[in-house]
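The values are calculated or read from the model by the stated rules, or taken from the named source; none is laboratory data. Here the structure is a predicted model, which is why all the values come from computation and not from measurement. Cβ: placed from backbone, ideal geometry, glycine included. Neighbour counts: every protein chain shown.
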Amino acid sequence: MNKIGLIICHSSLKDNDVGPFAENVLQRLTGNTLFEIPAERLVTVKTLKDSYQTKLAKSINGSKLDIMYKNEAKSALIANLDDLALDISVQAKGDREKLATTGFVLVKEPEKGKEPPKPTNFKVEYGVNDGELIFSVQANKDARMYIFYFTPAPAASMDATTWQSVASTARKQQISGFKRGVEYACRCAYMSADRKPIFSDVLMVIAR
């Protein structure tokens, strides 16, 4: 598993903060020789940023349709930033000095040797669309990452490390691709500073 050193979920950014954040990332990554980033990828970020800022301005005192267009543009820009942050994290291989040059926010390192407790308040809820499930767990300051595991039931093995998984720096993650009517075993884990997963109990859910 690659070490993720950056925040890779930016959905919590407020409307007025998204544009400046993206602009700072663009400025820090343009000409940054520490990472292999195709120029067209940064052009895409700039195009999405400009589009979002235009729609944001129109949404102020605008119609419901203007607000919808603004939200769609924001989602597109944030999804692109999330992907870029993840790619950069993989390239950096945990080098925090390199990551500090990107304009993205570094993951806070937990106290060395402090192990998080067993995850609490683990939930799996239905998403808006068919085949989507939303995994969430109580945030914990000592967790380096949150890992969400799932497998069709009955599980071939109760060793969750053999299941499909999604890693996130956020305590909540939407995952798609579940088959309607299939029952899934779901579990999450806090990743400790020494990369040891601390598992929750297993939840069962039938996808729809």
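Would you confirm, using the coordinates I've provided, whether residue 56 is part of a helix (DSSP H, G or I) and either closer than 25 Å to residue 97 by Cα or not assigned by TED's automatic domain parsing to the domain that holds residue 94 (or both)?
No, not satisfied.
Hey, can you tell me all the residues within region 1-10 that are surrounded by 13 or more Cβ atoms within 10 Å (Cβ to Cβ) and either assigned to a loop (DSSP other than H, G, I, E, B) or among the β-branched types (Val, Ile, Thr) (or both)?
Of the residues in region 1-10, the ones surrounded by 13 or more Cβ atoms within 10 Å (Cβ to Cβ) are 3-10.
Passing the criteria: 3, 4, 5, 7, 8, 9, 10.
Does residue 187 meet the test of being more than 30 Å from residue 25 (Cβ to Cβ) and touching a residue at least 24 places away in the same chain (Cβ under 8 Å)? Even if it seems obvious, please write down each step before you answer.
Details: more than 30 Å from residue 25 (Cβ to Cβ): yes; touching a residue at least 24 places away in the same chain (Cβ under 8 Å): yes.
Taking the combined requirement at face value, the residue satisfies it.
If I filter region 95-114 down to residues being farther than 14 Å from residue 169 by Cα and surrounded by fewer than 12 Cβ atoms within 10 Å (Cβ to Cβ), which single residue comes out as modelled with the highest pLDDT?
97
Select from region 59-88 the residues that are among the polar types (S, T, N, Q) and part of a helix (DSSP H, G or I) and list them in ascending order.
59, 71, 75, 80
Out of all the residues in region 126-154, which are hydrophobic (A, V, I, L, M, F, W, C), within 19 Å of residue 199 (Cβ to Cβ) and assigned to a loop (DSSP other than H, G, I, E, B)?
Matches in region 126-154: 137, 139, 143, 153.
Residues of region 13-38 being in a loop (DSSP other than H, G, I, E, B) and in contact (Cβ under 8 Å) with a residue 40 or more places away in the chain, which ones?
So the first thing to find is which residues in region 13-38 are in a loop (DSSP other than H, G, I, E, B), and the list is 13-14, 30-38.
The answer is 13, 32, 34, 35, 36, 37.
Of all residues in region 172-197, which are under 21 Å from residue 94 (Cα atoms) and either modelled with pLDDT of 95 or more or not in a loop (DSSP other than H, G, I, E, B) (or both)?
Selection gives 189, 190, 191, 197.
Restricting the search to region 88-102, which residues are out of contact with any Phe, Trp or Tyr (no Cβ under 8 Å at 6 or more places or on another chain) and not hydrophobic (A, V, I, L, M, F, W, C)?
89, 93, 94, 95, 96, 97, 101
Check region 61-70 and report whether any residue there is more than 30 Å from residue 181 (Cβ to Cβ) and touching a residue at least 12 places away in the same chain (Cβ under 8 Å).
Yes - at least one qualifying residue is present in region 61-70.
Any residue in region 42-63 that is crowded, with 16+ Cβ neighbours inside 10 Å and in contact with a Ser or Thr (Cβ under 8 Å, 6 or more places away or on another chain)?
Yes, region 42-63 has at least one match.
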